[in-house]
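Notes follow the structure.
The values are calculated or read from the model by the stated rules, or taken from the named source; none is laboratory data. Keep in mind it's a predicted model, so treat the numbers as computed, not measured. In this analysis, Cβ positions are derived from the backbone assuming ideal geometry, glycine residues included, and neighbour counts consider all displayed protein chains. Just so you know, the surface numbers come from the protein's heavy atoms only, side chains and all, with ligands and any DNA or RNA stripped out. Shrake-Rupley method; radii C 1.70, N 1.55, O 1.52, S 1.80 Å.
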Amino acid sequence: SQSQSGQSIVDRGDDGAGHDMRRPRQLNPAFASAHGLADGRQQHKASTSGSRPIHSSNKGGNNNKNKIDAALRSARSTARLTLSSCSLNVASLPDAMFDLRHHIGIDLSMDSSANPGAWQSYGEEEVTSLDISDNDNNSNGISGGRNVGSNTDSVEIISLDERLVKFVSLRSLHAKRSNIGAIPWMTMISKMDSLLTLDVSGNDLTECMLEYLPMTLRELNLSDNEIVRLTEVGTLSTQLLENDVDAKNDEPVVVLPNLIRLDLSKNKLNKLPKSMEVPSLQTLCFGYNQITDISSSSTDVLLQCSKSLATLEGPNNNLHTAPDLSNCIKLTTVDLSDNSLSEVPSIHPSVIRLNLNSNSLSSLGRLFSGAQRDSNTFRSKLKEVQLRGNKLCELDEDIVRCLTNVTLLDAGQNDLKDVPRVLGYLPQLRRVPLDGNPIKVIRMPLLTDTAALKGFLRKRGPAPSGSGYLEGPKEQASGGRDSFARSTALPTSNQAKSLVRSALAGTFTLNLSGKRLDALPEDIEHELLLSSSSTSNGCNDDVVGTIGGGVKKLNVSKNLLATLDDWLSAMPNLASVDASQNRVEALPSCICDISLVELRIARNKLSSTAIARSLACCVGETVSSLATSLICIDLSGNHLEWLPRCLSTLPVLSTLILANNNITTLAIGTEEGGMESGWPCEGFKSIETLNLSDNKMSNLAELPQCLITCSPLLRNLSLANNELLAIPPALGMLQGLTSIDLRGNPQRGIRSDILDRNAGDILSYLRSKLDEKEIQAMNPKIAGSSSLGASTNSTSASEANARVEELKTSIDEVTLQLNNVHLTEAKKYALKKTMKMHKAALIKEERRIRMEGASRA
């Protein structure tokens with residue numbers, strides 16, 4: 001029966017036996033064929049018969065056949081034939097694709113555009129696009145049945161089906177990754193007069209005959225093949241070469257006036273064609289080959305496309321001669337990394353990105369012409385310059401001056417010892433990687449912070465002449481020399497009184513930094529020497545005596561002082577002195593009588609001899625106040641040539657900074673005048689931070705063994721930017737380190753990426769270089785060492801117990817001293833340090849006694 005609306009066309013009854021008698025819906029035959037579906041009547045018959053549907057045993061083959069049929073139907077209506085990933089044998093393509101109008105059936109469906117009649121369809125001579133990529137040449141695919149070869153004992157070279165010559169209107173041919181070994185260039189490709197794009201990348205081609213390509217071609221991709229030659233000169237007969245010597249150099253001229261992109265990368269080429277007329281070429285890629293020369297003496301390709309070339313990519317070749325690119329007026333990208341260039345190529349100012357990583361460059365002198373370098377108005381458009389992994393000893397200032405638009409300048413892994421100050425004035429510069437260079441005149445933190453580095457370089461001098469640079473350091477306030485003189489004039493009597501009084505409260509600091517003082521001002525000295533009883537500061541006269549005795553910290557950095565004697569005499573109770581960036585040539589004569597905790601005297605003119613003479617009296621038969629209190633001393637940036645051994649006798653010294661000096665060795669020795677030098681194994685028992693970076697040490701002598709034996713509290717060690725040719729693996733036994741810096745040395749035994757890791761990883765790596773015997777030989781030294789001269793493992797039990805009692809007594813005595821309310825801050829700090837040392841020694845002694853008892857048991 002039918003529905004009341006009359007719209008249903010199917011019966012809804014049955015035959016009384018339970019069988020569905022509805023009229024089946026039928027699929028459009030074109031749709032069913034395109035999607036591999038059965039005819040509607042057959043589908044209904046199978047469903048009503050009660051049997052399971054029969055599946056094809058060759059499912060892959062059926063799918064490929066359906067895909068090919070659908071592609072052929074589509075080509076008849078669109079003139080575009082896509083047969084990619086159909087498991088075709090490209091040497092014997094399906095016959096149907098070469099006769100598209102043959103066997104066209106009549107389609108009575110309403111969708112006639114899906115399968116037009118013969119009078120409406122495109123033929124093979126009208127197809128404009130063909131894609132046969134990603135075919136594995138499997139004979140199981142659907143082919144025209146042509147027999148390519150019957151010799152199964154040898155591998156046959158697969159040649160592209162010559163019948164493709166029938167596609168005379170073809171504009172785009174893609175045959176990527178199809179194992180093609182040969183292409184009939186002369187008999188087929190040369191006759192495709194409409195061809196614009198040819199992509200045969202990812203195949204097994206060994207030769208290409210560019211001279212046979214149609215002149216209409218615009219894009220050619222030959223990448224990722226096995227090509228060894230690009231013209232037919234290599235196919236001449238041996239007899240011809242023997243009879244005509246000049247024939248070897250008679251290469252055909254390649255004429256491709258419309259070619260825009262040429263990709264020859266990842267082949268086995270050792271040269272480019274001698275003569276190439278490619279006036280429209282914009283992109284040339286020839287990376288990952290074996291090409292040795294692309295200069296005008298080898299090929300004229302760069303000369304022919306000098307007015308159009310925009311991208312030149314040739315990484316990973318064997319180029320020895322730098323090409324002249326100064327005439328390539330539209331060139332924006334140049335990549336010649338991983339070659340053997342010893343000179344930089346000359347480039348046009350239009351270049352934006354330049355990659356010359358991993359070559360053998362020693363200078364940047366030829367990058368721009370002489371006239372451009374000498375001009376104050378010339379500015380390059382370069383934004384990215386990559387020079388990592390070369391042999392540059394300097395960055396030429398006349399070249400860097402022209403890089404006002406550069407944002408990235410990578411000069412890592414070179415031989416740079418300094419960088420020009422003009423680098424700090426480049427306005428767009430955002431990143432300057434300088435890792436792996438032996439730069440010693442700039443501190444390591446600055447080298448990793450581009451903004452800070454630029455600020456530091458600008459302080460070295462004014463900006464170069466011309467426009468487009470950052471401004472230099474801000475000038476002083478208007479008024480010239482008079483205003484500068486007023487800003488640094490000596491304080492008046494009232495100002496001196498105010499400065500001194502303010503130092504008697506809060507942090508008890510007298511701050512005269514950056515005043516350009518060359519001596520202690522008389523008014524300030526007068527105020528400091530006044531009796532404290534004449535003031536109302538509340539200080540105890542018996543303890544302080546003078547107003548200067550109440551000052552605990554003195555900051556006179558960034559002045560012109562040559563001596564500190566008057567300052568320390570006027571302030572005898574100082575705990576901290578900062579006299580950095582002055583002209584001091586010797587330590588104060590009274591320094592041994594002052595209980596300084598911190599002495600910072602960096603960037604002065606101190607010599608090793610001056611320090612040894614000044615501190616000799618501090619560690620004599622009678623231990624001075626300085627020796628028992630000094631915890632931190634900063635002597636960086638001076639003129640030390642050897643390490644004064646007297647520093648090792650300071651019992652509580654925990655921080656020693658000797659960076660940026662001229663120390664060449666740490667070996668034990670005797671200098672002129674009988675002064676002892678070197679790092680002894682008995683000293684520096686309390687050292688926690690040791691900075692020897694930016695010196696000239698070529699070896700560490702006995703330093704690792706001494707630190708292992710006598711410096712158990714060491715936590716921070718910096719040996720960066722020296723001249724170490726090898727890193728001693730024994731440093732790996734310093735397992736208490738929390739930071740270690742070994743970067744910036746010319747050693748080649750440890751990779752730079754390992755030195756950039758944390759302390760634990762570096763120490764583990766160094767320990768892995770030691771054998772078991774070496775480790776066992778060092779362990780007794782570690783176990784038997786003691787920061788206060790503890791007894792060795794052979795000490796008897798009675799002596800060990802006596803030592804424990806002695807340490808406990810010492811701890812009790814120090815505790816009583818700390819309860820004294822009249823102690824200065826310096827003395828209190830020193831006593832706390834001594835307390836920590838005694839407690840550490842006690843813990844070690846008790847642990848050793850327990851271990852010996854366990855071993856005896």
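Taking 24 Å as the straight-line reach from the Cα of LYS558, the lysines in range (excluding those fewer than 8 positions away in the same chain) are LYS440, LYS454, LYS459, LYS474, LYS497, LYS515, LYS605. Per residue, the average separation of C-alpha pairs within less than 8 Å and at least 6 apart gives the range 645-746 a relative contact order of 26 percent. For the range 704-754, the per residue solvent-accessible surface stands at 37 Å², with DNA, RNA and ligands left out and a 1.4 Å probe. Shown for the range 388-478: the carbon plus sulfur share of the solvent-accessible area, taken with all protein chains present and a 1.4 angstrom probe, equals 50%.
Our coupling estimate for the range 519-526, obtained by passing each phi through the Karplus curve with A = 6.51, B = -1.76, C = 1.60 and θ = phi - 60°, is 6, 6, x, 4, 5, 5, 4, 4 Hz, Gly and Pro reported as x. Fully extending the segment from LYS191 to ASN716 would add 181.5 nm, taking 0.36 nm per residue of separation and subtracting the current Cα-Cα distance. The Cα atoms of the range 267-317 give a gyration tensor whose axes a ≥ b ≥ c have a/c of 1.5 or more with a/b no greater than b/c, which makes the shape oblate. Suppose a student asked you for the relative contact order of the range 323-426, using Cα pairs under 8 Å spaced at least 6 residues apart; what percent would you report? Once divided by the residue count of the range 323-426, the mean separation gives 23 percent. The trypsin sites (Lys or Arg not before Pro) of the range 597-689 that meet both conditions, a loop assignment by DSSP and at most 16 other Cβ atoms within 10 Å of the site Cβ, are LYS605.
The slack in the chain from SER360 to THR377, taken as 0.36 nm per residue of separation less the alpha-carbon distance, amounts to 3.1 nm. Projected label points at SER346 and ARG501, each 7 Å from Cα along the beta carbon direction, are separated by 7.4 nanometres.
Taking 7 Å steps out from each Cα toward its Cβ at THR78 and LYS832 produces label points 8.1 nm apart. Computed over neighbours whose Cβ is under 12 Å from that of LEU831, the net charge equals +3, Lys and Arg +1, Asp and Glu -1.
Straight-distance candidates among the lysines for linking to LYS67, with alpha-carbon spacing under 25 Å and chain neighbours fewer than 8 residues away dropped: LYS59, LYS166, LYS176.
For the range 709-781, with all protein chains in place and a probe radius of 1.4 Å, 49% of the accessible heavy-atom surface sits on carbon or sulfur.
A simple count of charges around SER502, restricted to other residues whose Cβ falls under 14 Å of its Cβ and scoring Lys, Arg +1 and Asp, Glu -1, yields +3.
Per-residue 3J(HN,Hα) values for the range 316-329, derived from phi via the Karplus relation 6.51 cos²θ - 1.76 cosθ + 1.60 with θ = phi - 60°, read 6, 10, 10, 5, 10, 9, 6, x, 8, 10, 5, 9, 7, 6 Hz in sequence order (x marks Gly and Pro). In terms of its C-alpha gyration tensor, the range 626-678 has an oblate overall shape, because the principal axis ratio a/c (a ≥ b ≥ c, square roots of the eigenvalues) is not below 1.5 and a/b does not outweigh b/c. Each label was represented as a point 7 Å from its Cα along the Cα-to-Cβ direction; for ASP136 and GLN776 these points are 5.8 nm apart. Subtracting the Cα-Cα distance of GLN817 and LEU530 from their residue separation scaled by 0.36 nm leaves 100.3 nm. Other residues with beta-carbon under 14 Å from the beta-carbon of LEU725 carry, at +1 per Lys or Arg and -1 per Asp or Glu, a net charge of +1. The calculated FRET efficiency for ARG516 paired with VAL441, based on their beta-carbon distance and R0 = 35 Å, is about 0.90.
Computed with a 1.4 Å probe on the full set of protein chains, the accessible area for GLU825 sits at about 110 Å².
Could you put LYS176, LYS307, LYS497 in order of accessible surface area, largest first, with the 1.4 Å probe and the full protein assembly present?
Output order, biggest surface exposure first: LYS307, LYS497, LYS176.
For the full complex of protein chains and a 1.4 angstrom probe, list MET97, MET215 by accessible area with the highest value first.
Ranking MET97, MET215 by accessible area, largest first, yields MET215, MET97.
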